[in-house]
Number of protein chains: 2
Amino acid sequence: MYYIGVDLGGTNIAVGIVSEEGRIVSKAETPTLASRPYPELVRDMAACARKAMEEAGLTDEDIHSIGIGIPGIADKNGVVIFCTNLGWRSVPLRAEMQQYFSKPVLIDNDATVAGWAEFQAGVSRGTHSSVFLTLGTGLGAGIVINDKIWAGAHGAGSELGHLVIEVDGVPCTCGKRGCAERYCSATAIIRMAREACADAPNCAIMRAVGGDTEKINAKIVFDAAKEGDAVAMQVFNRFVKYLTIAINNVISFLDPDMIILGGGVSRAGDFLLDAVKAALPEYLFYPTLPQPQLRIASLGNDAGIVGAALLGK
Amino acid sequence: MYYIGVDLGGTNIAVGIVSEEGRIVSKAETPTLASRPYPELVRDMAACARKAMEEAGLTDEDIHSIGIGIPGIADKNGVVIFCTNLGWRSVPLRAEMQQYFSKPVLIDNDATVAGWAEFQAGVSRGTHSSVFLTLGTGLGAGIVINDKIWAGAHGAGSELGHLVIEVDGVPCTCGKRGCAERYCSATAIIRMAREACADAPNCAIMRAVGGDTEKINAKIVFDAAKEGDAVAMQVFNRFVKYLTIAINNVISFLDPDMIILGGGVSRAGDFLLDAVKAALPEYLFYPTLPQPQLRIASLGNDAGIVGAALLGK
């Protein structure tokens, strides 16, 4: 059997046909054009799925189920409760998709789905518990406990970006202050770099962006840090400190087999991983006990399709 | 069948015989005298168990298993890794106890055990996921997910008192700074009250302790707050803010069916619960979704015996 996986992003709808082992056998993509009415988006998802099935030479009989990863949350009836980027509220996504396929339709949050992909077919395969962190514009998470996804009793869990790590800290888009997302994300790196550059107009970051702080991104900061620029190193070290605290909070709370760093910022690879590993021991409550493995995600952008598909497994 | 439950505290060893339904049918107690060699403590636990069995008219055939709740953590082989109050390191507690009873011996952390007791026979019975918080000298926790205890892949989880909620905050006994335990515990209430009383020698707290700040405890502060004393109210509100943030962090992370407040501070009952419930909405990430139920623990001190006993269930 094969599984259809839909990665519903703010920019693109990416659909793939996925084998039992988590291999993508064919793919199709189309722009999301998020402002359209939702039935049009679902129609395009279904059309992409049909196209990918055709390319792989598959018929409905070969398909087990359809999984959809969304940048939001859905309830147990497959109704999307929130989907901020798309402006969705109470969208009956499962029912709509079942007009095109009479198959089970499973829906989950995109970070949860990416963590599930790594668990089924990526770096955390073989573990029984894991927490996947997406370090992107925000900070998302996917939790697996005892070989099962855990997203909360009401679907409101695994929002690790909105754990408060600094009482009365930096204001967050969610309305609270001091959320982890404000310190552990690409957005946070950019904010901290802009602050640091204000006092250092000749630093490597400012040279890289030609003095235009609007052009600063996480990669520019990390590249400058790798070259040893003092200002960039200071920003990088500050980010590592906050991320290490967030990771330590995961350990003190759940202590999973593995913690995985994914999302755009994780492309820094060992440069980031080694820095966190070096900082972590001073935060651990039980430093002499075995620790969760700390790894970089292995599936990259494919995690969205693979994880969504394997929701049906 | 019946279950033996041992609540190993720093002051007393309390042992009970517990029915399948979580009812204590007989009890025996003896001082811990913690500085003694561990074989003497285990001998006393076994003697208490025999005494309680005799009182209940039970023989070895009636006993299913022995559970022990410890103020520390044990590994999968029943070896106590840490037990700070008792100064234990690498104590083979299971093997030692099996010299007295040829029954399964199960060991877990006292907060985990208390959460399990509430799940099996107390306020969270009938739920499938819960986080129990003990608000005492420190802040401990017991986590149940999908009807099972979760204490981490390496036994280092559910240390909610050591999640950082204030980067570079108040120094903690664990060596870190800003741990939740420093803001959400009886110890924290006392510290905050002493600070507040330094500027308010005539407040109700100071009157209650005759001006001796060493005599301040959480109950005195809460009682003064209930009477409307401004200084006590200020301390109470500060504590409620921190506790609400810690509870919101539990929701954003795990979103369980129920969050239970236990430990000495929870004896404040509805006075505390109502204040937290009033403060919580402004912190919620999904304020319109159903929320975990928030309740006061129901089993009191018996939770230690009942939960330890029912580890074998």
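The values are calculated or read from the model by the stated rules, or taken from the named source; none is laboratory data. Because the structure is predicted, anything quoted here is derived from the model rather than measured. When we count neighbours, we look across all protein chains shown, and the Cβ atoms used for this are built from the backbone with ideal geometry, even at glycine. Heavy atoms of the whole protein, side chains included, go into the accessibility calculation; ligands, DNA and RNA do not. Shrake-Rupley method; radii C 1.70, N 1.55, O 1.52, S 1.80 Å.
Can you find a residue that is in a loop (DSSP other than H, G, I, E, B), open to solvent by 40 Å² or more (accessible area, probe 1.4 Å) and away from chain B (no Cβ under 11 Å) anywhere in the stretch A:288-298?
Yes, the stretch A:288-298 contains a residue that is in a loop (DSSP other than H, G, I, E, B), open to solvent by 40 Å² or more (accessible area, probe 1.4 Å) and away from chain B (no Cβ under 11 Å).
Report whether or not B:Thr30 is hydroxyl-bearing (Ser, Thr, Tyr) and out of contact with any strand residue (DSSP E or B) (no Cβ under 8 Å at 6 or more places or on another chain).
no
Provide a single number: the residues in the stretch A:115-144 that are open to solvent by less than 10 Å² (accessible area, probe 1.4 Å) and of a type in the set (Val, Ile, Thr).
3
From the residues in the stretch A:229-249 that are more than 14 Å from chain B (Cβ to nearest Cβ) and β-branched (Val, Ile, Thr), which one is surrounded by the fewest Cβ atoms within 10 Å (Cβ to Cβ)?
A:Val231
What is the residue count in the stretch A:136-160 for residues that are hydroxyl-bearing (Ser, Thr, Tyr) and either touching a Pro at 6+ places or on another chain (Cβ under 9 Å) or at positive phi (or both)?
The number of residues fulfilling the criteria is 1.
Pick from A:Ile190, A:Ile107, A:Ile143: which is outside any loop (DSSP other than H, G, I, E, B) and either among the aromatic types (Phe, Trp, Tyr) or within 14 Å of chain B (Cβ to nearest Cβ) (or both)?
That would be A:Ile143, the only listed residue that is outside any loop (DSSP other than H, G, I, E, B) and either among the aromatic types (Phe, Trp, Tyr) or within 14 Å of chain B (Cβ to nearest Cβ) (or both).
Identify, please: which residue in the stretch A:155-172 is more than 15 Å from A:Tyr242 (Cα to Cα) and more than 8 Å from chain B (Cβ to nearest Cβ) and is, among those, most open to solvent (accessible area, probe 1.4 Å)?
Of everything passing the filter in the stretch A:155-172, A:Asp168 is most open to solvent (accessible area, probe 1.4 Å).
Being farther than 25 Å from B:Arg267 by Cα, away from chain A (no Cβ under 14 Å) and not charged (D, E, K, R): is that true of B:Ala198 here?
Yes.
Which of (1) surrounded by fewer than 19 Cβ atoms within 10 Å (Cβ to Cβ); (2) in a strand (DSSP E or B) does A:Ala47 not meet, given it meets every other one?
Only one criterion in (1) surrounded by fewer than 19 Cβ atoms within 10 Å (Cβ to Cβ); (2) in a strand (DSSP E or B) is unmet by A:Ala47, namely (2).
Could you tell me which numbered condition B:Val15 fails, if it satisfies all but one of (1) out of contact with any Lys or Arg (no Cβ under 9 Å at 6 or more places or on another chain); (2) closer than 18 Å to B:Asp302 by Cβ; (3) of a type in the set (A, V, I, L, M, F, W, C)?
(1)
Are any residues in the stretch A:250-272 within 14 Å of another protein chain (Cβ to nearest Cβ), surrounded by fewer than 24 Cβ atoms within 10 Å (Cβ to Cβ) and more than 17 Å from the chain's Cα centre (by Cα), and if so, which ones?
Within the stretch A:250-272, just A:Asp257 meets the criteria.
For the stretch A:302-313, check the following and say yes or no: at least one residue is surrounded by fewer than 21 Cβ atoms within 10 Å (Cβ to Cβ) and under 22 Å from A:Asp223 (Cα atoms).
No: zero hits.
Got a sec? Which of B:Lys215, B:Lys226 is without any contact (Cβ under 8 Å) to a residue 12 or more places away in the chain, away from chain A (no Cβ under 12 Å) and of a type in the set (Lys, Arg)?
Matching residue, one of B:Lys215, B:Lys226: B:Lys215.
Regarding B:Thr112, is this residue open to solvent by 20 Å² or more (accessible area, probe 1.4 Å) and either modelled with pLDDT of 95 or more or closer than 30 Å to B:Phe239 by Cβ (or both)?
no
State all residues of the stretch A:32-44 that are open to solvent by less than 30 Å² (accessible area, probe 1.4 Å) and of a type in the set (Gly, Ala, Ser); if no residue qualifies, say none.
Result: A:Ala34, single match.
All but one of (1) in contact (Cβ under 8 Å) with a residue 40 or more places away in the chain; (2) more than 16 Å from A:Asp274 (Cα to Cα) hold for A:Asp199; which doesn't?
(1)
Out of the residues in the stretch B:178-187 that are within 10 Å of another protein chain (Cβ to nearest Cβ) and part of a loop (DSSP other than H, G, I, E, B), state the one that is surrounded by the most Cβ atoms within 10 Å (Cβ to Cβ).
Selected residue: B:Tyr183.
Which condition number does B:Arg23 fail, the rest of (1) within 20 Å of the chain's Cα centre (by Cα); (2) modelled with pLDDT under 95; (3) exposed (fewer than 15 other Cβ atoms within 10 Å of the Cβ); (4) not β-branched (Val, Ile, Thr) being met?
Here B:Arg23 meets the rest and fails (2).
Going through B:Gly152, B:Gly175 one at a time, which residue ends up being without any contact (Cβ under 8 Å) to a residue 24 or more places away in the chain, within 14 Å of chain A (Cβ to nearest Cβ) and surrounded by fewer than 18 Cβ atoms within 10 Å (Cβ to Cβ)?
B:Gly175
Just a yes or no: is a residue in the stretch A:96-103 part of a helix (DSSP H, G or I) and more than 18 Å from A:Leu310 (Cα to Cα)?
Looking for residues that are part of a helix (DSSP H, G or I) and more than 18 Å from A:Leu310 (Cα to Cα), one finds at least one in the stretch A:96-103, hence yes.
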